[in-house]
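What follows is calculated from the coordinates using simple rules that are stated; it is not laboratory data. Everything numeric in this text was worked out from a predicted model, so none of it was measured. Glycine also receives a Cβ, built like all others from the backbone with ideal geometry; neighbour counts cover every protein chain displayed.
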Amino acid sequence: MAQLGFLGLGIMGYPMARNLTKSGNEVALWSHTTSKTKELAKEGKATACVTPKEVAERADYIFYCVGDSAMAKQITLGAGGLIEGVRRGAAALVWLVGLRRPLFFEMFLHISMLLKR
């Protein structure tokens, strides 16, 4: 099975991550709300991670579902972010919720920075 990472366990992200876990995948989890991460880590082969960096160190495919571009930028490029631990050749998929304007270029920039490491 694939080694997956999922960041952002809000209203949309939690059910998505749960489905990945229930399907038998190894899923490294992170969220601002630590209790949600710990709760979901009890299911299947999920692991609660302390930082986005830790998720990146454990995953070949990284998904994140966050509320805005500032959050995405922080978990990608900030201290303890994905960029610090991403595996060579890992792929990332960003799902932003609640956007008021298209920010796809900025998100592709974050992804390309991950993939070029």
**Complete:** Among segment 64-86, those whose backbone N falls under 13 Å of a label point 7 Å along Cα→Cβ from residue 2 are 64
**Item:** Ascending count of other beta-carbon atoms within 10 Å, so fewest first, for 6, 63
**Value:** 63, 6
**Message:** Run the simple label-point estimate for residue 16 and residue 33 please: 7 Å along Cα→C-beta, distance reported in nm.
**Reply:** 1.6
**Item:** Likely footprinting exposure, 14, 61, fewest C-beta neighbours within 10 Å first
**Value:** 61, 14
**Message:** Order these by the 10 Å Cβ neighbour count, fewest first: 11, 83, 62.
**Reply:** 11, 83, 62
